[in-house]
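See below for the structure under consideration.
The values are calculated or read from the model by the stated rules, or taken from the named source; none is laboratory data. All of these numbers come straight from a predicted model, not from anything done at the bench. All Cβ positions, glycine included, derive from the backbone under ideal geometry; neighbour counts span all protein chains shown. What goes into the accessible areas is simple: the full protein's heavy atoms, side chains included, and nothing from ligands, DNA or RNA. Shrake-Rupley method; radii C 1.70, N 1.55, O 1.52, S 1.80 Å.
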Amino acid sequence: MATSYLRCRATSAAAVRRRGLPFVGAFCVLSLGFSTALSFSSSLRTGCARSLPFVPLLRSKLGAPFRGLHSAKMEGAQGSGNTVPSIVVYVTVPSKEAGKKLAESIIKERLAACVNIVPGIESIYHWQGKIETDSEELLIIKTRESLLEPLTQHVKANHPYDVPEVIGLPIQGGNVQYLEWIKNSTRD
């Protein structure tokens, strides 16, 4: 799987509500198998593109719906000079209101291009010697790698938790136009 890359574009909340899907975000959970190949064409309509080893075969055998699907590894995209190393950052918040307020301030400061708010997660964790369980919301933030430190400082200064979660994960590749949009929508 090291050579296979998942590429997902965030789906809108409205699209998710229409389809009854429980999770909005930048990642797709998939199992590699025959059922994935069968459901592939429907995933294109929902905004989630999967770059798997069989995509070139699908393009050649199944035609038009697959011809427009293209993506690039970050290494290839970097050579064009139109993208920058990008990351996805996870931040949990205690409520929808806290998440929306924090997300809006992040976007206003151009610390990220996009923040998805995923409702209804349950977190189980150790805190001050006890196991705790809380309902939370998850922010999925798309930004430049170079903005992780300023983003972390912003979250710490504007978050209701004493120790907020801020975890950055590298984006290995994806839709080059989307990666360019991340670059153009964030500050240098």
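The numbered conditions (1) closer than 14 Å to Ala103 by Cα; (2) touching a Cys at 6+ places or on another chain (Cβ under 9 Å) are all true for His159 except (2). Of the strands (runs of 3 or more DSSP E) lying entirely inside the range 74-170, the ones with 2 or more residues being touching a residue at least 40 places away in the same chain (Cβ under 8 Å), basic (Lys, Arg) and surrounded by 13 or more Cβ atoms within 10 Å (Cβ to Cβ) are found at 130-144. Once the range 172-188 is narrowed to residues that are open to solvent by 30 Å² or more (accessible area, probe 1.4 Å) and assigned to a loop (DSSP other than H, G, I, E, B), the residue that is nearest to Lys101 (Cα to Cα) is Arg187.
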